[in-house]
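In what follows, a single structure is set out as structure tokens and then discussed.
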Amino acid sequence: MINDEAVIERLQDAVGAYTAQAEGRRDSLDALLHAAPERTPHRRRVVPMAALTTGVAAAVAAIVFGATALQGPSSTSQAQPSHKSGVGVLSATSITAGTSARYPSSSYFISRHVTKLTKKQLLDEPVIVRTSDQKVMTTLPIALMDAQLTSDGTRLFGYYAGSAGHAITDNSNSSNAAVRTLVNHDTAYHAVYLDFATGDVVDFGKAAWPGIVGMTTTPNGSTVAYSRVVKPNGPNSEVGEYDIIRVVDVATVRWREFTVPKGHDTLGLALSPDGTKLAFTETSTPNILFFADLSQPNPAATARAVVPPPSCRKGAYDYPVWPESGLYAVQECDPDASQVVRLDPGTLLPIGAALAPLPNGGVTHFDVRTSDDGPEFGYLPARTTTPDANGDMRILFRNNEEWLVKAGATAGHRTGLLWSP
């Protein structure tokens, strides 16, 4: 049985070649068979759930595709601007019926529910889960990466990848005709939110492939920041490649953006609740986490490094998350030690003792959830895999199963749910 711990442990190291080299589009099934050059981040990256499935369950009815969305600077631009600003437009596409149900981030989180699990097949669906008991409340009509619920539970923010030209993405095989029409419009990555009351997907920004690589929103959904990769010498060249972070006021669609130094990969982003500060990762630097004041002309240029204590040899902070309760991060101390800390945005030092231990060897995902008895932390343990010509999907489940640990606890526990990218 898949829940038999002894069997799972024996199977744990069985898939390395099957997944470890999956590169290129982070949302593509083709990544498993057609590896493309990819930048090497500081931390190990997990195989996204779309690369583990043969299809995604989706729901309900359809209407029409709306107007054009905000387009970022072309990936073929030769210039590397330091900062710029502008105003975009919103477009809305109805993909499902509206609902009066609300899912505040204090009580719910986004995950993946396994609907079928065999040796060769792992079907999953994006769902909203209740934090208190991990009960699946509803299936989402569209899969979004970096999905984040608002504090009032009215909207779900995230981004998706276009699948025009027969690209296989997380949504291209949806049973929802409106979702297929939406994602087949182009191959860009789209920053959006799903409005639960209307059933609309509202688009407020897009980026050409390789597209968006990280996204965050304030708890109330008023401000969004997302990072995208710009390839000035074409999509297959890494020469001159750089990242841009765009910050958007959602109500007015006014945006500003700034360039991260060349060679620095911005995978993790966390906006302060008031939208004035940004914690972000630069994965090619010794100090992974940086803290930026968005009132500065070029926040990346004046960003401060969040430096681990001297006792944390070869250490770094990573995976920033910033809910109303404060700024959290994973403190990594090579070679093994890893723990959850809360950081003071003023001093950039930990507040008190570590809140919870994380597995030796580190994690490949981290998030914060609110519960009645304090914060709870979700994570994926980093796992070592070995080649498996048969591609046993049970191993992929094992390597992508979410774990939870409460603040003050000594160990985490498995959830039976899959991490949602």
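The values are calculated or read from the model by the stated rules, or taken from the named source; none is laboratory data. No experiment lies behind these values; they were computed from the predicted model shown. Because the Cβ atoms are built from the backbone with ideal geometry, glycine has one as well, and the counts that use them run over all protein chains shown.
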Just one of (1) buried (at least 16 other Cβ atoms within 10 Å of the Cβ); (2) under 20 Å from Ala305 (Cβ atoms); (3) not aromatic (Phe, Trp, Tyr) trips up Gly346, so point out which. (1)
Looking at the stretch 155-168, is at least one residue surrounded by fewer than 17 Cβ atoms within 10 Å (Cβ to Cβ) and closer than 22 Å to Ala101 by Cβ? no
So, first residue under 21 Å from Thr217 (Cβ atoms) in the stretch 303-326, second residue of a type in the set (Asp, Glu) and modelled with pLDDT of 90 or more, Cβ within less than 6 Å, six or more apart or across chains; the pairs are Val321/Asp367
Please give the number of the condition Leu278 fails out of (1) assigned to a loop (DSSP other than H, G, I, E, B); (2) within 26 Å of Gly346 (Cβ to Cβ). (1)
Determine which member of the set Arg130, Arg102 is modelled with pLDDT of 90 or more and either touching a strand residue (DSSP E or B) at 6+ places or on another chain (Cβ under 6 Å) or of a type in the set (A, V, I, L, M, F, W, C) (or both). Arg130
Please tell me if Arg383 is among the basic types (Lys, Arg), assigned to a loop (DSSP other than H, G, I, E, B) and surrounded by fewer than 22 Cβ atoms within 10 Å (Cβ to Cβ). yes
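Anything in the stretch 204-224 that is in contact with a Leu (Cβ under 7 Å, 6 or more places away or on another chain) and in a strand (DSSP E or B)? List them, or say none.
The answer is Phe204, Gly205, Lys206, Val213, Gly214, Met215, Thr216, Thr217, Thr223.
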The stretch 108-132, residues that are more than 21 Å from His365 (Cα to Cα), assigned to a loop (DSSP other than H, G, I, E, B) and either of a type in the set (Ser, Thr, Tyr) or free of Cβ contacts under 8 Å to residues at least 40 places away in the same chain (or both): Thr118
Would the stretch 191-203 turn up any residue that is aliphatic (A, V, I, L, M) and surrounded by fewer than 18 Cβ atoms within 10 Å (Cβ to Cβ)? yes
Condition met for Ala337 (small (Gly, Ala, Ser), over 21 Å from Leu269 (Cβ atoms), buried (at least 16 other Cβ atoms within 10 Å of the Cβ) and modelled with pLDDT under 95): yes
Among residues of the stretch 133-167 being part of a loop (DSSP other than H, G, I, E, B), over 25 Å from Leu267 (Cβ atoms) and among the polar types (S, T, N, Q), the residue modelled with the highest pLDDT is Thr154
Restricted to the stretch 267-310, and to residues that are acidic (Asp, Glu) and either surrounded by fewer than 18 Cβ atoms within 10 Å (Cβ to Cβ) or more than 16 Å from Tyr226 (Cα to Cα) (or both), which residue is farthest from the chain's Cα centre (by Cα)? Asp293
Residues of the stretch 133-154 that turn out to be buried (at least 23 other Cβ atoms within 10 Å of the Cβ), over 13 Å from the mean Cα position of the chain (by Cα) and not aliphatic (A, V, I, L, M), as a count: 1
Name the single residue, out of those in the stretch 365-421 being farther than 22 Å from Pro104 by Cβ and basic (Lys, Arg), that is modelled with the lowest pLDDT. Arg383
Kindly indicate whether any position in the stretch 354-364 is under 21 Å from the mean Cα position of the chain (by Cα) and in contact (Cβ under 8 Å) with a residue 60 or more places away in the chain. yes
Only one of (1) part of a loop (DSSP other than H, G, I, E, B); (2) within 21 Å of Ala161 (Cβ to Cβ); (3) not basic (Lys, Arg) does not apply to Thr252, and that is (2)
In the stretch 225-238, the residues that are under 21 Å from Thr281 (Cα atoms) and either part of a loop (DSSP other than H, G, I, E, B) or hydrophobic (A, V, I, L, M, F, W, C) (or both): Ala225, Val229, Val230, Lys231, Glu238
Provide a single number: the residues in the stretch 303-332 that are at pLDDT 85 or above, at negative phi and in a strand (DSSP E or B). 13
Is it true that some residue in the stretch 163-171 is under 17 Å from Ser91 (Cβ atoms) and of a type outside the set (Ser, Thr, Tyr)? yes
